[in-house]
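Each reported figure results from applying straightforward, stated rules to the coordinates on display, with no laboratory input. Everything numeric here is computed off the predicted structure, so don't read it as measured data. Reconstructed Cβ throughout: ideal geometry from the backbone, glycine too, with neighbour counts over all protein chains shown.
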Amino acid sequence: MAAITILTIRGPRRPQRCIIRYSFAVGRALGVGAATPTARAGGALHELSIAQEIYRASRAAVAGHGSGRLERVTVAVGELSAVEPDLLVFAWQALTQGGPDAAAALEVEWRPARQFCAACDADRPRSPGSWLRLCPQCGAPLAVSGGDELDVLQVTFLPDEAAGERGGAHG
């Protein structure tokens with residue numbers, strides 16, 4: 001599943017946009033999205049290793065357009081991805097603190113999973129955290145769709161020359 005990443009480059013001229021196709025599955029196949037050895041060993045916070053991969057993918061996207069300082073990274077996190085959005089943001093802040101991208105914000109778009117009954121041709125609502133196996137109306141099995149996203153959607157950065165003009169570059 002490929003995500004479309006839109007880079008917004010802010011500078012002295014009007015913003016420029018570039019579209020980059022990226023997914024963690026493709027990144028892992030290329031060696032970009034592989035988990036770090038310490039994260040695999042089980043000692044690190046799950047969300048911290050994910051924040052590291054988001055940061056690495058974001059920096060790689062910026063590097064493809066020169067150099068610059070990250071301003072905002074937007075990610076989609078699905079309900080079934082086993083990622084806690086608040087912990088992911090906390091891990092991002094800890095990861096970028098004190099570095100050139102310390103002011104960069106991580107925005108999380110929550111993507112819920114849905115349960116659908118094919119026999120009734122209808123979505124079946126549920127309470128958060130609860131799952132129905134069978135349709136309460138007809139008894140047919142329910143299908144679960146969506147909610148498995150973990151994609152970088154947008155990376156916004158300020159090129160080095162623009163960051164320097166505004167006095168916002170960290171060195």
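Between GLU107 and CYS138, the C-beta separation translates, for a Förster distance of 35 Å, into a calculated FRET efficiency of about 0.30. Once backbone amide H atoms are built at 1.01 Å from N, GLU71 has THR156, PHE157, LEU158 as its partners under 5 Å, excluding neighbours fewer than 5 places away on the same chain. Taking the inverse of the mean 1/r over every pair of distinct Cα atoms in segment 50-97 gives a Kirkwood hydrodynamic radius of 11.7 Å. A compact globular protein would have a Cα radius of gyration near 2.2 N^0.38 Å; the ratio found for segment 67-171 is 1.56.
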